[in-house]
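The values are calculated or read from the model by the stated rules, or taken from the named source; none is laboratory data. Please read these numbers as outputs of a predicted model, since none were measured by experiment. Cβ coordinates were reconstructed from backbone atoms using ideal geometry, including for glycine residues, and neighbour counts include every protein chain displayed. Heavy atoms of the whole protein, side chains included, go into the accessibility calculation; ligands, DNA and RNA do not. Shrake-Rupley method; radii C 1.70, N 1.55, O 1.52, S 1.80 Å.
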Amino acid sequence: MTRAPAPRGRPATEAPTVRTVLGDIPGDRLGVCDSHDHLFLRTPRLPGEELADSAAAERQLREFAAHGGGGLVQWTPYGMGRHMGALAELSRRTGVHVVAATGLHQAVHYDRQPPADLAELFVEEVSHGVRGAVCGQGPRAGLIKVAGDFHGIGPHARRTMTAAAEAHHATGAPVAVHLELGTGAVEVLDLLCDRLEVPPSSVLLGHLGRCPDVRMQREAARSGAWLVFDGPSRAHHATDWRLLDSLAELAEHGYADRLLLGGDTVTATARNETGVPHVTRALRPRIVRELGAEPARRIFVDNPARAFAAHWKH
């Protein structure tokens, strides 16, 4: 693999930090964290359901914070209406730490060809600021988002994951993976970790709850990767009715230190029904009741502080 050249960075002895839209912070400053959500998102797959309203996003963040939320990680990648400048302003206004993403989703989410220089794009947006900033240098991304396919990895996914691995080696950024309907975790780990040499501790596997195969979930946890249960979702997914069973089963097998949770609000309808505040208003109290305060603290506070932190190379 030809890796993108790594910018000069901070000494390896320094503690890892989380890269937010307002700058790098120690992980423990994130507080209670929604580890996968969207304040802004646009895709041709969901016409009329765009998340593009800054005022609505601010209301979501303020209610999230009112119920104890301190950090939010937006997984919206390049070309899908990230609104990076608005993210930075909302973080300033609400006091919520926001982590933004570079990366690329599945091809169906774009109505034009993506840039040819994907690894260069990802490195640039992590190290220097997002492309297309309106005034001056844009905020930096703290996460690289890519996506697999249903039970596998097609040519587009392979290309984007290879670029993400190159960018990880150049920057230190974590790599977050959309697993289509919760499938393909083993294939993703084989490509990213075994072949492209991304440490499992820098890989976040999203949507695992959509395929409630506990054996597959345990296998993913044994790899050392992060398991992201990002619901609630609509009733036809298993994210709600199997969420607590999956979390409890994994915690009982000793994997509570690999679990993360987020809301994954991707449509205007979902925002109106539950939205970002649901994570702190409803899900976190329920997990405290069902699993206990210590596992809940790991899922919402301790684990995000480690999962999104890196020894940044620039």
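Here are a few things to note about the model shown:
- Figure legend. Inter-residue proximity from the range 137-148: first residues within 20 Å of Pro304 (Cβ to Cβ), second residues of a type in the set (D, E, K, R) and open to solvent by less than 10 Å² (accessible area, probe 1.4 Å), beta-carbon distance below 9 Å, spacing 6+ or different chains. Indicated pairs: Arg140/Arg19; Arg140/Glu125; Ala141/Arg19; Ala141/Glu125; Gly142/Arg19; Leu143/Arg19; Ile144/Glu125.
- Failed condition for Ala55, given (1) open to solvent by less than 10 Å² (accessible area, probe 1.4 Å); (2) among the aliphatic types (A, V, I, L, M); (3) assigned to a helix (DSSP H, G or I): (1)
Every residue, every condition in (1) over 17 Å from Pro212 (Cα atoms); (2) open to solvent by less than 50 Å² (accessible area, probe 1.4 Å); (3) without any contact (Cβ under 8 Å) to a residue 12 or more places away in the chain, yes or no:
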{"position": "His253", "(1), (2), (3)": "no, no, no"}
{"position": "Leu260", "(1), (2), (3)": "no, yes, no"}
{"position": "Thr269", "(1), (2), (3)": "yes, no, no"}
{"position": "Thr280", "(1), (2), (3)": "yes, yes, no"}
{"position": "Glu290", "(1), (2), (3)": "yes, no, no"}
{"position": "Arg297", "(1), (2), (3)": "yes, no, yes"}
{"position": "Val301", "(1), (2), (3)": "yes, yes, no"}
{"position": "Ala307", "(1), (2), (3)": "yes, yes, no"}
{"position": "Ala310", "(1), (2), (3)": "yes, yes, no"}
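- Residue match in the range 63-80 (condition: farther than 17 Å from Leu41 by Cα, of a type in the set (Val, Ile, Thr) and either in a strand (DSSP E or B) or without any contact (Cβ under 8 Å) to a residue 60 or more places away in the chain (or both)): no
- Taken over the range 162-205, the criterion of being on the phi > 0 side of the Ramachandran plot, surrounded by fewer than 21 Cβ atoms within 10 Å (Cβ to Cβ) and either in contact (Cβ under 8 Å) with a residue 60 or more places away in the chain or not in a helix (DSSP H, G or I) (or both) is satisfied by Glu197 alone.
Okay, residues lined up against (1) among the basic types (Lys, Arg); (2) more than 19 Å from Asp34 (Cβ to Cβ):
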site	(1), (2)
Gly206	no, no
Arg210	yes, no
Leu227	no, no
Tyr255	no, yes
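- Positions within the range 191-222 being under 15 Å from Ala163 (Cα atoms) and either at pLDDT below 90 or basic (Lys, Arg) (or both), in sequence order: Arg195
- Test set (1) at positive phi; (2) open to solvent by 10 Å² or more (accessible area, probe 1.4 Å) - Gly275 fails condition number: (2)
- Failed item, numbered, when Thr265 is tested on (1) over 19 Å from Leu208 (Cβ atoms); (2) open to solvent by less than 10 Å² (accessible area, probe 1.4 Å); (3) among the hydroxyl-bearing types (Ser, Thr, Tyr): (1)
- Elements of type helices (runs of 4 or more DSSP H) in the range 222-314, at least 1 residues being in contact with a Phe, Trp or Tyr (Cβ under 7 Å, 6 or more places away or on another chain): 243-252, 284-291, 303-307
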